[in-house]
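What follows is a set of notes on a single structure, which appears directly below.
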Amino acid sequence: MEVTRILAIRHGETAWNLDTRIQGHLDIPLNDTGRWQARRMAEALSGEPIQAVYSSDLQRAYETASILSELHPQLASQQPAPVPQLRERSFGDLEGQTWSEIETLRPRDSELWRKRVPDWAPKGGESLLQLRARIANAVSDLAARHLGEQIVLVAHGGVLDALYRLATGLDISAPRSWSLTNTAINRLLWSPESLTLVNWGDTRHLEKDSLDESTA
């Protein structure tokens with residue numbers, strides 16, 4: 001049975017990541033650290049066969065994907081394909097606020113969020129159930145085009161969380177015990193029957209001595 005190998009990558013760091021400010025669908029750029037992380041990730045994958053790169057159309061993900069395409073020998077002539085369905089979860093009227101602001105000003109929303117209530121959605125935003133369905137459909141659609149090949153999906157923390165749960169069968173409200181590090185390399189296998197986890201959270205490329213600093 002042919003499968004599609006998937007490299008799932010979270011975008012590089014942004015200033016709002018550092019501030020613990022909710023980005024959602026707001027279009028926040030990478031910071032300098034995020035661009036460095038993206039270059040490191042690209043260098044780490046330079047020897048791997050990659051047939052296509054798909055990215056959320058939000059600039060923090062798309063710039064991360066573009067750096068990969070620019071530095072990868074097989075991809076230099078093609079731009080990442082923007083896919084709005086790979087966007088972060090929409091957080092509606094909570095976008096732009098920090099965690100501490102939400103806890104103080106919206107304690108009920110904060111509680112429902114922390115408990116991962118599946119059908120709760122911020123005003124104007126998405127529930128976890130809606131996010132999971134969106135990501136499952138998007139990944140199946142993209143992976144089905146590339147049986148026998150390897151592709152990259154560059155997206156967001158919420159998207160990666162949904163992928164992990166889909167691949168492992170973990171309940172949507174189970175507490176998270178896995179990392180969602182910026183530009184970590186996560187490997188999955190897709191077939192028409194299933195999505196399975198191969199390896200998660202590889203961040204060796206972000207270690208200071210992992211690659212020649214002259215190329216960073």
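If I filter region 152-159 for residues that are without any contact (Cβ under 8 Å) to a residue 60 or more places away in the chain, open to solvent by less than 70 Å² (accessible area, probe 1.4 Å) and either assigned to a loop (DSSP other than H, G, I, E, B) or out of contact with any Lys or Arg (no Cβ under 6 Å at 6 or more places or on another chain) (or both), do I get at least one hit? No: region 152-159 contains no residue that is without any contact (Cβ under 8 Å) to a residue 60 or more places away in the chain, open to solvent by less than 70 Å² (accessible area, probe 1.4 Å) and either assigned to a loop (DSSP other than H, G, I, E, B) or out of contact with any Lys or Arg (no Cβ under 6 Å at 6 or more places or on another chain) (or both).
All of Arg116, Arg89, Arg145 fail the test of being among the charged types (D, E, K, R), part of a helix (DSSP H, G or I) and more than 16 Å from Ala65 (Cβ to Cβ), apart from Arg145.
Results for (1) in a helix (DSSP H, G or I); (2) open to solvent by less than 50 Å² (accessible area, probe 1.4 Å); (3) closer than 15 Å to Ile6 by Cα; (4) polar (S, T, N, Q), shown as yes or no for each residue.
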residue	(1), (2), (3), (4)
Val53	no, yes, yes, no
Arg60	yes, yes, no, no
Thr64	yes, yes, no, yes
Gln74	no, no, no, yes
Ser77	no, no, no, yes
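Could you please find all residues in region 88-146 being among the hydroxyl-bearing types (Ser, Thr, Tyr) and under 21 Å from Leu58 (Cβ atoms)? Passing the criteria: Ser90, Thr98, Ser127. A single entry from Gly34, Gly24 fulfils the requirement of being outside any loop (DSSP other than H, G, I, E, B) and among the small types (Gly, Ala, Ser): Gly34. If you check Ala76 against the conditions, is it closer than 28 Å to Thr196 by Cβ and hydrophobic (A, V, I, L, M, F, W, C)? No: the conditions fail for Ala76.
The condition of being at pLDDT 95 or above, of a type in the set (D, E, K, R) and over 19 Å from the mean Cα position of the chain (by Cα) holds for only one of Glu48, Glu63, that being Glu48. A search for C-beta distances below 9 Å between a residue of region 87-107 that is over 16 Å from Trp16 (Cβ atoms) and any residue that is open to solvent by less than 20 Å² (accessible area, probe 1.4 Å) and in a helix (DSSP H, G or I), counting only pairs 6+ apart in sequence or on different chains, returns Glu103/Ser110; Thr104/Ser110; Arg106/Leu94. Are any residues in region 56-88 in contact with an Asp or Glu (Cβ under 6 Å, 6 or more places away or on another chain) and closer than 22 Å to Ile185 by Cβ, and if so, which ones? Correct list: Leu58, Gln59, Pro82.
Looking only at residues in region 1-20 that are open to solvent by 50 Å² or more (accessible area, probe 1.4 Å), touching a residue at least 24 places away in the same chain (Cβ under 8 Å) and under 17 Å from the mean Cα position of the chain (by Cα), the one that is farthest from Gln74 (Cα to Cα) is Thr20.
The values are calculated or read from the model by the stated rules, or taken from the named source; none is laboratory data. A quick note: this is a predicted structure, and the numbers were derived from the prediction, not measured. Here the Cβ is made from the backbone with ideal geometry for all residues, glycine too, and neighbour counts use every protein chain on show. What goes into the accessible areas is simple: the full protein's heavy atoms, side chains included, and nothing from ligands, DNA or RNA. Shrake-Rupley method; radii C 1.70, N 1.55, O 1.52, S 1.80 Å.
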